[in-house]
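The block underneath contains the structure these notes are about, expressed in structure tokens.
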């Protein structure tokens with residue numbers, strides 16, 4: 001699956017771009033050249049979401065401790081993978097957020113690591129055809 005996601009990036013070029021001594025510009029370059037980005041709720045995820053929203057590679061956004069409704073607008077070309085208890089991650093009243101979230105966000109729900117892996121695989125299959 002990694003080869004499918006990395007797309008046309010030469011593996012050696014990818015390793016050079018992701019070298020620990022490189023910075024944000026190299027990370028953005030690697031993300032921009034990939035066929036898709038899979039990211040946890042972190043800084044690189046926000047870059048991947050912005051790229052996906054601007055017509056770049058699609059993003060599989062994995063959420064653990066936060067809810068996407070607080071950290072990204074409706075991101076087209078993105079599937080959010082959220083924990084089964086995601087409603088407890090919302091600051092405020094879930095009943096107010098629910099309709100907006102369900103109408104504007106594509107998402108899959110997981111309750112354990114096995115389901116998380118399956119959700120990521122499903123999201124990649126849907127986004128990278």
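Across segment 50-72, the residues whose backbone nitrogen lies under 18 Å from the label position 7 Å along the beta-carbon direction of residue 98 are 67-70.
Please arrange 93, 73 by how many other C-beta atoms lie within 10 Å of their C-beta, fewest to most. It would help to have the intermediate numbers written out before the result.
Details: 93 8, 73 12.
In increasing order of surrounding Cβ atoms, one gets 93, 73.
I need the shape label for segment 37-127. Rule: rounded when a/c is under 1.5, else prolate if a/b > b/c, else oblate, with a, b, c from the alpha carbon gyration tensor. Since a/c reaches 1.5 but b/c is at least a/b, the shape of segment 37-127 is classed as oblate. What the Cβ-Cβ distance of residue 64 and residue 129 gives, at R0 = 30 Å and to the nearest 0.05, is a FRET efficiency of 0.65. Using the Cβ-Cβ distance between residue 76 and residue 111 with R0 set to 25 Å, the FRET efficiency from 1/(1 + (r/R0)^6) comes to roughly 0.40.
Computed from the coordinates by the stated procedures, all read-outs in this text should not be read as laboratory data. In this text the structure is predicted, and so the values were computed from the model without any measurement. Glycine also receives a Cβ, built like all others from the backbone with ideal geometry; neighbour counts cover every protein chain displayed.
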